[in-house]
Amino acid sequence: MKLLPLFLILSGILFFRIQEDKTMLNITDQTIAELKKLREEKKFLEMEGGYYLGAPSEEIRLELEKKLNHTIDILIDNIKANPTKKYLLSRFSLMLNKFTEYDTEEREQICFYCEKLMDIFGVESSDGLLMNWLYGFNPEDFFKQEK
């Protein structure tokens, strides 16, 4: 009988983890329209305020845009069949591997586009994926070490 409360707590934690991994996304016609709109935009151009000066050349800009648009195309075609945060982040992970040879500015910009995609899907966090890829660590891990 003393094990019952412990069992219930552990079951609740396990259930929460399973639910967290399968966070469902609400995919509507508006979601797909926003993806298509982002797909059609020119990307890796200079941003207002000097935040990003644009890709170093038009050739590189087109290369970057093509890689990003490929992922957007996959999302347009498959997100309704796989409407989970886990699927979205797995697509990010596959895409990010194609951007490792670029300069920091372009890598930061691809993270910016990932965040735009997350906004379209109503996803608030990449669960450290973007930070790990861009900076080589997850800030949550850093703060755990501080304790």
Inset, instruction - For segment 35-46, enumerate the residues that are farther than 14 Å from Ile60 by Cβ and open to solvent by less than 50 Å² (accessible area, probe 1.4 Å). - result: Leu35, Leu38
Inset, instruction - Sort out which residues of segment 97-133 are touching a residue at least 60 places away in the same chain (Cβ under 8 Å) and open to solvent by 20 Å² or more (accessible area, probe 1.4 Å), and write them in order of number. - result: Phe112, Lys116, Ile120, Gly122
Legend entry - Of the criteria (1) modelled with pLDDT under 95; (2) buried (at least 16 other Cβ atoms within 10 Å of the Cβ), which one Gly136 fails: (2)
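Take Arg61 and decide whether it is free of Cβ contacts under 8 Å to residues at least 60 places away in the same chain, in contact with a Leu (Cβ under 8 Å, 6 or more places away or on another chain) and part of a helix (DSSP H, G or I).
Answer is yes for this residue.
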Legend entry - Subset tally (residues that are surrounded by 11 or more Cβ atoms within 10 Å (Cβ to Cβ), at pLDDT 95 or above and assigned to a helix (DSSP H, G or I)) for segment 1-32: 2
Inset, instruction - For segment 36-56, name all the residues that are modelled with pLDDT of 95 or more and in a helix (DSSP H, G or I). - result: Lys36, Lys37, Leu38, Arg39, Glu40
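The values are calculated or read from the model by the stated rules, or taken from the named source; none is laboratory data. Values in this document were obtained by computation on a predicted structure and should not be read as measured data. Note that each Cβ is placed from the backbone with ideal geometry, even for glycine, and that neighbours are counted across all protein chains shown. These accessible areas exclude ligands, DNA and RNA; they are computed on the full protein's heavy atoms, side chains included. Shrake-Rupley method; radii C 1.70, N 1.55, O 1.52, S 1.80 Å.
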